[in-house]
Amino acid sequence: MPLVSFDPTVRATVLTVALNMTVWHVCTHVANQMTVQRYFSTSDTKAARRSFLTASLFGVGLNLMLVGVGLAVLYYYWGQGIPLDGGEAAGKGADLAFPTFAVSRLPNGFGGAILAALLAAAMSTIDSGINSVATVLTVESTHARHEEHTRETAHVRKAMIITLAAGLFITFAAYGLSFLPAHWGIVGAMPRTFNAITAPLGGLFLVGMFLPRVRQKAVLMGTCLGLATSLLLGYLEQIGTALHQWKWIDAIPPEISFTWIMPSALLVTVCASFCFSFVFREDARQTTGYTWRSRHSPVE
C-alpha cells in the first residue's frame, strides 16, 4: 500500500485510509445514537472520557487480534497457493477466506460456533440500531405534536410498527447487497452503502456545534448535497455506465476509491451549509449550551 497518492482511483493509501477512519470515528461519535447513548449513561464528562479511552484501547487490541487471524488465513491459502475450499482461487473472494476456513478446516462444531458468533454479533448491532430508531422516532413525533398525555400503549404500538418497518427495510437492503460488484469486497462496499449517510449526518451535527450562524434550511440543503456526494462518488462508475449507454457522455468515468467518499461528503456538507447560510436567512434560536462557543453556558 503506498503512503500517499493524490490519484483518487488508487484503491487505498496509508494517508487516505487514516483520513477515512478519522472521519468515520468523528461522525459516529457525534451523530450515531447507539454511540452517543453509551456516553450519556456515564455519570459525568470525566467518566465519559475514561469510557472512550477504555473502548479505544480495547478496540486496538481487538483489531490486532483480527489482523493476526486474517494474516494467518491469508497465508494458509494464498501464501501456500492453496485454492479456497470449493474451487475458488485464493486470490479471489477474499471475503470468503475466513468463513470458508472456519467451516471446511476446523473440527466439527467449531466452524458452526464461529459463524453463529459472527451472526450473533451482527444481530446485536442491528437490533440496537432498530431500537434506537424506534425510540427516537416515537419520542420525537410525540413531542412534535405536543401530545403530553399519550398513553403508554400508543407509544409501544408505534414503536412496534417502526421496529417492524425498519426490520423489513434492513432485510431487503441486505438482500440488495448481493447485487453489488464483487470486486468491492466488504471494506469497499461499506462507505457506498450504509456508511453513505454517516458523513452527511455527522456534518449536520458538526455544523450545529461549530457554525451557529447556519440555520435549519441551510444545513438541510448542505446535508442533502453531502448525501448526493456520497452516492455520486460511491457509484460513479455505475452512473457513468448508464449515462454512457444513454449517449449522454462519451466516456465512462473511472471508479473512485472508497476512502475518498466520506471525507468528501463531510467537506461538501460543511462548506455547502455555510454557503447556504448567506442565502437562507432565518431568525436566531436559543442555542445556549448546544454550540461549542456556549458549551459552558447553562441549557435553558
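The values are calculated or read from the model by the stated rules, or taken from the named source; none is laboratory data. Just so we're clear, the structure is a prediction, and the values are computed from it rather than from any experiment. Positions of Cβ are generated from backbone atoms using ideal geometry, with glycine treated the same way; all protein chains shown enter the neighbour counts. We work out accessible area using only protein heavy atoms, side chains counted, and drop any ligands, DNA or RNA first. Shrake-Rupley method; radii C 1.70, N 1.55, O 1.52, S 1.80 Å.
Accessible area per residue of the chain at 1.4 Å probe, in Å²? Please report the intermediate quantities before stating the final value.
Details: 19950 Å² over 300 residues.
For the chain, the solvent-accessible area averages 67 Å² per residue.
Can you tell me which of 234-241, 56-63 comes out highest on packing, and rank the rest after it, using the mean Cβ neighbours within 10 Å?
Answer by packing, highest mean first, reads 234-241, 56-63.
May I have the pair-distance distribution P(r) for the stretch 144-300, computed from all Cα-Cα distances with 5 Å bins from 0 and rounded to whole percent?
Here the calculated profile for the stretch 144-300 is 1, 8, 12, 12, 13, 14, 14, 12, 7, 4, 2, 1, 0.
Please give the helix 45-74 orientation as an angle from the longest Cα principal axis of the chain, in degrees from 0 to 90, rounded to the nearest 10.
Between helix and principal axis, roughly 20 degrees.
For the chain, what's the relative contact order in percent, using C-alpha pairs closer than 8 Å and at least 6 residues apart?
Relative contact order for the chain comes out at 22 percent.
For the stretch 96-136, what is the convex hull (Cα atoms) projected area averaged across all directions, in square nanometres?
Over all viewing directions, the stretch 96-136 projects a mean Cα-hull area of 3.1 nm².
HN-Hα J couplings of the stretch 102-111 from phi, Karplus 6.51/-1.76/1.60, θ = phi - 60°, integer Hz, Gly and Pro as x?
4, 7, 8, 10, 7, x, 4, x, 5, x
Roughly how big is the chain's charge dipole about its Cα centre, with Cβ charges of +1 (Lys, Arg) and -1 (Asp, Glu), in debye to the nearest 20?
On the way: 20 positive and 16 negative charges, 139 e Å.
Result for the chain is approximately 660 debye, rounded to the nearest 20.
Please name which of Phe6, Ile126, Leu220 has its Cα lying farthest along the dipole of the chain towards the positive end, using unit charges on Cβ (Lys, Arg +1; Asp, Glu -1) and the Cα centre as origin.
The listed residue farthest towards the positive side: Leu220.
Below 11 angstrom from the Cβ of Arg215, what's the summed charge of the other residues (Lys, Arg +1; Asp, Glu -1)? Intermediate values should be presented prior to the final figure.
Details: positive: Arg213, Lys217, Arg281, Arg285; negative: Glu282, Asp283.
Charge balance near Arg215 sits at +2.
For the stretch 224-261 and the stretch 1-50, what is the separation of their Cα centres, given in Å?
Using only Cα atoms, the two centres lie 25 Å from each other.
Two decimals is fine: what's Rg over Rh for the chain, C-alpha atoms, Kirkwood radius as Rh?
In the chain, Rg relative to Rh is 1.00.
Tell me, what ³J(HN,Hα) does each residue in the stretch 238-254 have, in order and in whole Hz, if you take phi through Karplus 6.51 cos²θ - 1.76 cosθ + 1.60 with θ = phi - 60° and put x for Gly and Pro?
5, 5, x, 5, 5, 5, 5, 5, 7, 6, 8, 10, 8, 9, 7, x, x
Based on Cα coordinates alone, diagonalise the gyration tensor for the stretch 47-126, multiply each eigenvalue by 5, take square roots, and list the semi-axes in whole Å, largest first.
After diagonalising the Cα gyration tensor, the semi-axes are 30, 16, 10 Å.
For the stretch 1-137, what does the alpha-carbon gyration tensor say about shape, rounded, prolate or oblate, given a ≥ b ≥ c as the root eigenvalues, a/c under 1.5 as rounded, and a/b over b/c as prolate?
The shape class here is oblate.
Would you tally the net charge around Asn20, using a Cβ to Cβ cut-off of less than 13 Å, leaving Asn20 out, and scoring K and R as +1, D and E as -1?
Result for the neighbourhood of Asn20: +2.
Could you rank the peptides 188-194, 105-111 by their average count of other C-beta atoms within 10 Å per residue, with the highest value first?
Per-residue Cβ counts within 10 Å, averaged per peptide and sorted highest first, yield 188-194, 105-111.
Using the alpha carbon gyration tensor of the stretch 8-61, what are the three equivalent-ellipsoid semi-axes (square root of 5 times each eigenvalue), largest first, in whole Å?
28, 13, 8
With the Cα gyration tensor of the stretch 208-261 in hand, convert its eigenvalues to equivalent ellipsoid semi-axes via √(5λ) and list them largest first in whole Å.
31, 13, 6
Calculate the FRET efficiency for Trp78 and Ile186 from the Cβ-Cβ distance with a Förster distance of 22 Å, rounded to the nearest 0.05.
With a Förster radius of 22 Å, E is 0.80.
Quote the FRET efficiency, to the nearest 0.05, computed for His244 versus Leu168 with a Förster distance R0 of 25 Å and r equal to the Cβ-Cβ distance.
For His244 and Leu168, the calculated efficiency is 0.10.
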